[in-house]
Amino acid sequence: MRLSTVMPVGVITALVLSAGPSALAVTSADAHTGTQVTATATTIQKQWPTTLQMPTGERPEGIAIKGNTAFVTSFTDGTVYRFDLKTGARTVLTPGTGTGTGAIGILLDSHGRLFVAGGYGGNMRVIDSHSGKVLATYQLATKGAATAVNDFALLNGNLYVTDSLSPVLYKVPLGKNGKLPKQSQVKTIAFDGITYGGGGDAGWNANGITPTPDGKALLVVQTNTGTLFRVDKNTGKATKVDVGGADLSWSDGMRLENRTLYVVRNTPNKITVLHLNDSGTKGRATTEVSDPRFDTPTTLARHGDRLYVTNAHFYSTDPASTDYAITAIPDPA
């Protein structure tokens, strides 16, 4: 997920978040002519809330869902919140470690463990999703180095982690039955083919990550260039994915379902949906969705036919007083 470090020219006004149904603008590419077709849909009429409210000043970054429970990270102080999707009720699963040591990406595995990216701290926590107990902490980046440990992908028993300020992947090998490794087993894989920029927003690089549809490699999106890469999981060799000219500027978190890739684009306030080939070397945009409640969305998770999208309000002039929220929309794909 991208974190803004400088204010842009001009002011982006925060949109009002509504707890009720909302209009949804969907633009799709016609399969035969390539022209854009715009339609209007309405949020699914359920009794469940379509907005999950964070505490004032607590900015959401990552989200994972299991059953009717959502787990959301706070970039403000690293707290992990637990939401009841039926009621919107919010509790603290694990308290944060303090202002300036926030959390970004989050991944829930089949053993009920949450992997939480430590952002500028260069680390990762492993948390029991039931009790909130911290099971382990790993230092991924070299202390003192520029780092923003960001997002996760699980592939072939290994956890791969992006760092938006350092041009590497971290590989965390999980043992038999998901056994957590020792710190000494964590590996760093240098990227070959992704050039990192530096300074302000221009320095926000590798971000969202997922396996390819065939599970043989990784897909990594670079925020500041809007480029999607296919990355060799062993060597870090990166090649650009042919996306047919699709606009992926300011891409952030991603979600892969079979051959459908959801790409959240924060500053444009959009989600672009791509259809990929099995190897992940090519893709074409099928749908682009926006919602008036989006305010620099960072990532998404699914529950049934809804997508829950975190809104980071990067350009808020008073972050401590901002009301942050997670927005539920119907699946546009």
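Of the residues screened, residue 137 is not one that is part of a loop (DSSP other than H, G, I, E, B) and either under 25 Å from residue 47 (Cβ atoms) or not hydrophobic (A, V, I, L, M, F, W, C) (or both).
Consider residue 171 carefully, then state whether it is open to solvent by 20 Å² or more (accessible area, probe 1.4 Å) and part of a strand (DSSP E or B). Spelling it out, residue 171 is indeed open to solvent by 20 Å² or more (accessible area, probe 1.4 Å) and part of a strand (DSSP E or B). Consider residue 327 carefully, then state whether it is open to solvent by less than 10 Å² (accessible area, probe 1.4 Å) and on the phi > 0 side of the Ramachandran plot. Considered against the rule, which asks whether it is open to solvent by less than 10 Å² (accessible area, probe 1.4 Å) and on the phi > 0 side of the Ramachandran plot, residue 327 comes out as no. Taking region 184-200 as the range and being surrounded by 11 or more Cβ atoms within 10 Å (Cβ to Cβ) and either among the basic types (Lys, Arg) or over 23 Å from residue 238 (Cα atoms) (or both) as the test, the residues that pass are 185, 187, 200. Only a single item in (1) within 18 Å of residue 62 (Cα to Cα); (2) in contact (Cβ under 8 Å) with a residue 60 or more places away in the chain; (3) among the charged types (D, E, K, R); (4) crowded, with 23+ Cβ neighbours inside 10 Å is not met by residue 291, and it is number (1). Would region 143-159 turn up any residue that is farther than 27 Å from residue 227 by Cβ, aliphatic (A, V, I, L, M) and surrounded by 15 or more Cβ atoms within 10 Å (Cβ to Cβ)? No; the residues of region 143-159 include none that is farther than 27 Å from residue 227 by Cβ, aliphatic (A, V, I, L, M) and surrounded by 15 or more Cβ atoms within 10 Å (Cβ to Cβ). Return a yes/no flag: does region 26-39 have any residue that is modelled with pLDDT under 95, assigned to a loop (DSSP other than H, G, I, E, B), touching a Ser or Thr at 6+ places or on another chain (Cβ under 6 Å) and crowded, with 16+ Cβ neighbours inside 10 Å. The answer is no; no qualifying residue exists. Residues of region 233-242 include at least one that is touching a Leu at 6+ places or on another chain (Cβ under 7 Å), at pLDDT 95 or above and open to solvent by less than 30 Å² (accessible area, probe 1.4 Å).
Only residues that are closer than 13 Å to residue 210 by Cβ and either surrounded by 23 or more Cβ atoms within 10 Å (Cβ to Cβ) or touching a strand residue (DSSP E or B) at 6+ places or on another chain (Cβ under 7 Å) (or both) were counted across region 243-285, and they come to 16. Annotation note: of 104, 127, 63, the sole residue that is in a loop (DSSP other than H, G, I, E, B) and β-branched (Val, Ile, Thr) is 104.
Only one of the numbered conditions (1) free of Cβ contacts under 8 Å to residues at least 60 places away in the same chain; (2) more than 17 Å from the chain's Cα centre (by Cα); (3) more than 25 Å from residue 204 (Cα to Cα) is not met by residue 286, and that is (1).
Just for region 96-140: of the residues that are among the hydroxyl-bearing types (Ser, Thr, Tyr), farther than 16 Å from residue 82 by Cα and more than 17 Å from the chain's Cα centre (by Cα), which one is most open to solvent (accessible area, probe 1.4 Å)? So, considering only residues that are among the hydroxyl-bearing types (Ser, Thr, Tyr), farther than 16 Å from residue 82 by Cα and more than 17 Å from the chain's Cα centre (by Cα), the one most open to solvent (accessible area, probe 1.4 Å) is 99.
For region 164-201, the set of residues classified as more than 28 Å from residue 111 (Cβ to Cβ), of a type in the set (A, V, I, L, M, F, W, C) and in contact with a Leu (Cβ under 9 Å, 6 or more places away or on another chain) consists of 190, 191, listed by residue number. Residue-level check: of (1) assigned to a loop (DSSP other than H, G, I, E, B); (2) open to solvent by 40 Å² or more (accessible area, probe 1.4 Å); (3) modelled with pLDDT under 95; (4) not β-branched (Val, Ile, Thr), residue 177 misses just (1).
The values are calculated or read from the model by the stated rules, or taken from the named source; none is laboratory data. The model shown is predicted, which means the values in this text are computed figures rather than measured ones. No Cβ is skipped: glycine too gets one built from the backbone with ideal geometry, and neighbour counts run over all protein chains shown. Remember, those area values only see protein heavy atoms, side chains included, never the ligands or the DNA or RNA. Shrake-Rupley method; radii C 1.70, N 1.55, O 1.52, S 1.80 Å.
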